[in-house]
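Contents: one structure, followed by commentary.
Values quoted throughout were computed directly from the atomic coordinates according to the rules given, and no laboratory measurement underlies them. Just so it is clear, the model here is predicted, and its values are computed rather than measured. Virtual Cβ from ideal backbone geometry, glycine too; neighbours counted across all protein chains shown.
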Amino acid sequence: MASKRLTREESRAQTRARLIDAAAEVFLRQGFDGASLEGIAEEAGYTRGAVYSNFDDKDELFLEVVQRHFMREVESVERIFGEIDSPEGRIAALQEWHAAHCEAEDALTSLIMEFYLYASRNPELQTRVRDIERRVRDVIERLVEQQMRDLGVAAPIPARDLATIVAALDMGLGGQRFVDREGVGTHLFGSALMLLTLGVKAAADAAAASRPMVRKKPHAPARRRRS
């Protein structure tokens, strides 16, 4: 049976996906600065023209690699939240998932940090990086709100701030592990999430306990009318 012929849009999407796959491999091997569009095209089995017909430059291609990486991560976390109802069970599952994936992710985290340093000197790139990071934090914020609801507490700080802390923990520990794998265990992200959850719950409970109770005034007895 003959295979279905791809439409122009499908063919273009397939080419982009293959170029992003190839770019991820080349960037990991050679770093952002050392990678070339020619090398990425060769890795994907295309000409350099195929790269330029899909991406403006190496910066845009790298940002696509970063965005895909982050979106895959948050999709995995969303799946855990969808499958597990218990807040404590989610933390345990996240710890297991993170430990299983961090060996492969650490090199990419270091590569992303390299690019962020490069982008810090380019206002336009900063804006594009910021937009990707904010989309990731949008998802984390929603999951934090769900976790707080299921714990039955009101977070003492905005959910957006907690989302930023979680994202920073992930990135920071990844960078630390890249330079000291023996000293920075794969369990630390899950442990930090557990401590953060316990701390938020304790702070919320303390705030609730410190609020003065409002006592209702007793109703005055109704006066009997004189006949």
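Mind checking the angle between helix 159-179 and the chain's longest principal axis? C-alpha axes, 0 to 90 degrees, to the nearest 10.
40
Among GLY39, VAL139, PHE115, which residue has its Cα furthest toward the positive end of the charge dipole of the chain, with +1 on Lys/Arg Cβ and -1 on Asp/Glu Cβ?
The residue sitting farthest along the positive end of the dipole is VAL139.
For every other residue with a beta carbon closer than 15 angstrom to the beta carbon of ARG181, add +1 if it is Lys or Arg and -1 if Asp or Glu, then tell me the sum. Don't jump to the answer; show the numbers that get you there.
Details: positive: ARG177; negative: GLU103, GLU105, ASP106, ASP180, GLU182.
With Lys, Arg at +1 and Asp, Glu at -1, the neighbours total -4.
Charges at C-beta only: +1 for Lys and Arg, -1 for Asp and Glu. How large is the resulting dipole of region 1-130 about its Cα centre, in Debye rounded to 20?
On the way: 16 positive and 25 negative charges, 122 e Å.
Computed about the Cα centre, the dipole is about 580 debye.
Using only the alpha-carbon atoms, how far is helix 8-34 inclined from the longest principal axis of the chain? Give it as 0 to 90 degrees, nearest 10.
Around 90 degrees separate the two axes.
Using the per-residue mean of other Cβ atoms lying within 10 Å as a proxy for protection, in what order, highest first, do the peptides 74-82, 16-24, 134-142 fall? The partial results should precede the final answer.
Values: 74-82: 14.2, 16-24: 19.3, 134-142: 16.9.
Answer by packing, highest mean first, reads 16-24, 134-142, 74-82.
What does the net charge come to around VAL139 if you take all other residues with beta carbon closer than 15 Å to its beta carbon, with K and R at +1 and D and E at -1? Each step should come with its number before you reach the end.
Numbers: positive: ARG68, ARG72, ARG79, ARG90, ARG134, ARG135, ARG137, ARG142, ARG160; negative: GLU73, GLU75, GLU78, ASP131, GLU133, ASP138, GLU141, GLU145, ASP170.
After counting each charged neighbour, the total is 0.
Taking Cα atoms, how many degrees apart are the long axis of helix 58-83 and the longest axis of the chain, rounded to 10 and kept between 0 and 90?
Approximately 40 degrees, to the nearest ten.
Would you mind calculating the relative contact order of the chain from Cα pairs under 8 angstrom and at least 6 residues apart, reporting the percent as a whole number? List each step's numbers first, then the result.
On the way: 149 pairs, mean separation 42.3, N = 227.
RCO, the chain: 19 percent.
Tell me, what HN-Hα J-couplings in whole Hz come from the Karplus equation 6.51 cos²θ - 1.76 cosθ + 1.60 at θ = phi - 60° for each residue of region 136-143, using x for Gly and Pro?
Once rounded to whole Hz, the list reads 5, 5, 4, 5, 4, 4, 5, 6.
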